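One structure is given here, and the rest of the page talks about it.
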Amino acid sequence: MFDLDANTHRVLMNFMERRNSWRVSFLKADCQTPLPRKLTFASPAKIRTMHERFGSQLLDDKNAQEHGISIGRGGTWLTLNDEQYQQLKR
């Protein structure tokens, strides 16, 4: 697994295109426990932005995210600080 300090949280961001919008949900690192915050975006641009800010910058991870966008569903890991994580828990 990844070494994270006490103030860092690994979260799986799932996204799916639905009715001309993108629905985004989040899971805790155990990949089973959903976080309450859900987001809706008009385009995948915000998904890309979130990945650029909080996700892995490895080429394979970027390609996997782009593949998910191209087929209308996918997921990517984000690393959030404690304040960002708390916002997803609300």
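The values are calculated or read from the model by the stated rules, or taken from the named source; none is laboratory data. Here the structure is a predicted model, which is why all the values come from computation and not from measurement. Cβ sites come from the backbone with ideal geometry, for glycine too, and all protein chains shown count toward neighbours.
Remarks
- Segment 71-87 residues that are under 14 Å from LYS28 (Cβ atoms), paired with ones that are part of a helix (DSSP H, G or I) and charged (D, E, K, R) (beta carbon under 8 Å, 6 or more apart): TRP77/ASP61
- Among residues of segment 17-37 being part of a strand (DSSP E or B) and among the charged types (D, E, K, R), the one that is nearest to HIS67 (Cα to Cα) is GLU17.
- Of the residues THR49, THR40, the single one that is surrounded by 11 or more Cβ atoms within 10 Å (Cβ to Cβ), hydroxyl-bearing (Ser, Thr, Tyr) and assigned to a strand (DSSP E or B) is THR40.
- Flag for ASP60 being of a type outside the set (S, T, N, Q), surrounded by fewer than 13 Cβ atoms within 10 Å (Cβ to Cβ) and in contact with a Ser or Thr (Cβ under 9 Å, 6 or more places away or on another chain): no
- Residue count for segment 17-37, restricted to those that are loosely packed, with under 15 Cβ neighbours inside 10 Å and either farther than 18 Å from LYS89 by Cα or touching a residue at least 60 places away in the same chain (Cβ under 8 Å) (or both): 4
- Some residue of segment 54-72 being modelled with pLDDT of 95 or more and under 16 Å from GLN87 (Cβ atoms): yes
- Restricting segment 1-16 to residues that are touching an Asp or Glu at 6+ places or on another chain (Cβ under 9 Å) and part of a loop (DSSP other than H, G, I, E, B), the residue that is surrounded by the most Cβ atoms within 10 Å (Cβ to Cβ): ASN7
- Enumeration of residues in segment 63-74 that are surrounded by 12 or more Cβ atoms within 10 Å (Cβ to Cβ) and either touching a Gly at 6+ places or on another chain (Cβ under 7 Å) or part of a helix (DSSP H, G or I) (or both): ALA64, GLN65, GLU66, GLY68, ILE69, GLY74
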